[in-house]
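Since the structure comes first, as structure tokens, the remarks are kept for the end.
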Amino acid sequence: MTIKPFEKKIWLSSPTMHGEEAKYMMEAYETNWMSTAGQNINEVEAQMASYVGMKYAVGLSCGTSALHLATKLAGEKFYGMPRPMQGTLQGKRVFASDVTFDASVNPVAYEDGEAVFIDTEYDTWNMSPEALEKAFEIYPDTKIVVLAHLYGTPAKMQEIREICKKHGAVIIEDAAESLGARYLLNGEWKETGSLGDYNCISFNGNKIITGSCGGMFLTDSKEDADKVRKWSTQSRENAPWYQHEEIGYNYRMSNVVAGVIRGQIPHLEEHLAQKRAIYERYKEGLKDLPVTMNPYDAERSVPNFWLSCMLINEEAMCRQVRDDQHALYISEAGKSCPTEILETLAKYNAEGRPIWKPMHAQPIYRSHAFITADGIARGISNAYLDTGRSIDAGTDIFNRGLCLPSDNKMTPEEQDVIIEIIKRCFM
Ligand SMILES: Cc1ncc(COP(=O)(O)O)c(C=O)c1O
């Protein structure tokens with residue numbers, strides 16, 4: 001069978017609109033609430049707080065702003081109000097997920113702190129509890145952990161929360177990718193976005209529901225919610241004029257964006273079911289290949305299956321090299337690699353993506369500490385001794401894995417073609 005390129009591009013994960021979004025946006029327009037206040041924001045905050053199971057939600061311009069203010073709150077909790085012209089984390093370390101989007105960890109730098117990257121485990125592709133425990137042994141004074149649930153798969157929260165509790169540390173939960181995913185915590189099912197001390201979600205255009213952009217901070221603390229709302233609207237003090245005692249930001253959600261989100265919320269369950277069906281179809285369709293899907297703990301978690309990913313078995317990898325900008329591979333019968341598959345998908349007008357490149361390997365963060373279950377993973381080889389090879393799970397998953405087209409508008413027939421394209425890469 002000859003495969004023809006898709007006429008309409010198959011996206012990795014694009015916005016899926018339903019109609020109500022336009023109604024609520026128009027409502028903002030017609031009532032002239034074209035602002036960072038209005039009924040759509042109030043509704044979206046109330047509905048999301050209730051869905052996630054938190055008392056308060058603060059609508060923000062994006063997930064990154066939510067993460068920034070969460071990071072700043074955590075910084076002030078432990079280290080107090082910063083000195084003028086300094087971030088709250090000056091000279092402080094923060095433990096952070098390594099395989100994540102850089103928006104999880106950049107706020108640590110905004111606040112003048114140093115992210116220390118914690119290696120990944122193979123069961124969920126998230127922060128390794130063993131590596132985190134090791135990190136506390138090495139840097140016992142650390143008080144803040146930023147944790148992401150990669151591709152919508154919950155991390156091992158039971159273990160991670162217990163480790164943090166033991167060390168008196170708080171968790172900034174980055175649930176940007178995982179809205180709708182659930183986790184069994186102490187025998188009780190909880191939504192991601194309610195599992196940390198400071199919780200953040202994103203409504204970016206590629207997320208499971210979207211406002212075109214937008215983000216949210218979720219908490220049970222009225223004081224924290226009020227503070228985030230204040231900071232997000234330029235930190236105005238109670239005075240007749242613009243009076244400021246702390247640095248402010250223009251981070252509040254727009255009422256127009258909130259209108260889109262308000263129209264999307266009723267479709268969240270539908271999107272979750274579509275994403276799960278896509279994952280299951282890949283799992284079945286790829287089962288005879290030397291690959292596995294992105295894994296999850298079926299007993300303790302229900303992912304939102306935001307992105308379906310695959311990992312090529314080590315023995316089925318053809319040779320592939322990557323520098324900071326390019327990738328090359330040597331094609332080999334019976335084998336393949338992410339570069340070959342991504343390039344082939346692109347040729348057929350379908351969008352996949354490499355696994356998020358680990359933060360410790362990013363040029364901007366290459367000088368930061370990186371901790372695996374064995375300890376500090378920098379400078380561990382020796383020109384004069386064979387010290388063996390340390391396992392860096394994040395880099396391994398980055399090298400062998402890829403994100404598959406996971407758009408919920410992709411039809412089963414289109415997905416069958418994608419599966420066939422992937423199979424041919426291994427021929
Ligand atoms: C893990 C993670 N954290 C944070 C963000 C940032 O969210 P936003 O794009 O809404 O700022 C994203 C995605 O965009 C993400 O995937």
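Convert 4 °C to kelvin, take the viscosity as 1.567 mPa s, use the Kirkwood radius over C-alpha pairs of the chain as Rh, and evaluate the Stokes-Einstein diffusion coefficient in µm²/s, rounded to a whole number. For these conditions, the coefficient is 58 µm²/s.
Ranked for footprinting exposure by Cβ neighbours inside 10 Å, fewest first, Arg353, Arg236 give Arg236, Arg353. Each of Ser254, Ser406 has some number of other Cβ atoms within 10 Å of its Cβ, and from fewest to most they run Ser254, Ser406. What the Cα convex hull of segment 20-267 gives, in volume per residue, is 115 Å³. Calculated FRET efficiency, Ser50 to Glu270, Cβ-Cβ distance, R0 = 22 Å: about 0.75 to the nearest 0.05. Our estimate of slack between Tyr242 and Glu76, defined as 0.36 nm per intervening residue step minus the Cα-Cα distance, is 57.4 nm.
Note: segment 9-49, Cα convex hull, 114 Å³ per residue.
Centre-to-centre separation between the Cα atoms of segment 367-422 and those of segment 348-366: 10 Å. Looking at the chain alone, DSSP beta bridges between its own residues are antiparallel in about 60 percent of cases.
Stretching the chain fully between Arg83 and Arg322 yields a gain of 81.8 nm (0.36 nm per residue, less the alpha carbon separation). Across segment 356-362, coupling constants 3J(HN,Hα) worked out from phi with the 6.51/-1.76/1.60 Karplus curve, θ = phi - 60°, read 3, 5, x, 4, 5, 9, 7 Hz, and Gly and Pro carry x. Each of Asp102 and Lys423 was given a label point 7 Å from its Cα along the Cα-to-Cβ line. The distance between the two points is 4.0 nm. Binning the alpha carbon pair distances of segment 311-427 at 10 angstrom intervals from zero yields the distribution 12, 36, 31, 16, 5, 1, expressed in whole percent. When GluC sites (Glu not before Pro) are flagged only if DSSP places them in a loop and at most 10 other Cβ atoms lie within 10 Å, the longest unflagged stretch of the chain comes out as 8-244.
Once the C-beta distance of Glu223 and Trp189 is scaled by a Förster radius of 25 Å, the resulting FRET efficiency is 0.35 to the nearest 0.05. From least to most packed, judged by other beta carbons within 10 angstrom and beginning with the fewest, Cys403, Cys425, Cys200 follow the order Cys425, Cys403, Cys200. With the gyration tensor restricted to C-alpha atoms of segment 134-220, the semi-axes of the equivalent ellipsoid amount to 25, 14, 11 Å, longest first. For segment 264-348, the equivalent ellipsoid built from the Cα gyration tensor has semi-axes of 29, 16, 12 Å, listed from largest to smallest. Spin-label pair Asn382-Ala333: with each label point 7 Å from Cα along the Cα-Cβ axis, the two points sit 4.5 nm from one another. Among Tyr384, Tyr329, Tyr51, the residue with the largest mean-square fluctuation in a Gaussian network model of the chain, with springs joining Cα atoms closer than 10 Å, is Tyr384. The distance linking segment 4-29 with segment 283-333 is 28 Å (Cα centroid to Cα centroid, whole angstrom).
Read-outs: derived from the displayed coordinates by stated rules, not from any lab. Note that the structure is a prediction, hence the values are computed from the model and not measured. Backbone-built Cβ (ideal geometry, glycine too); neighbour counts: all protein chains shown.
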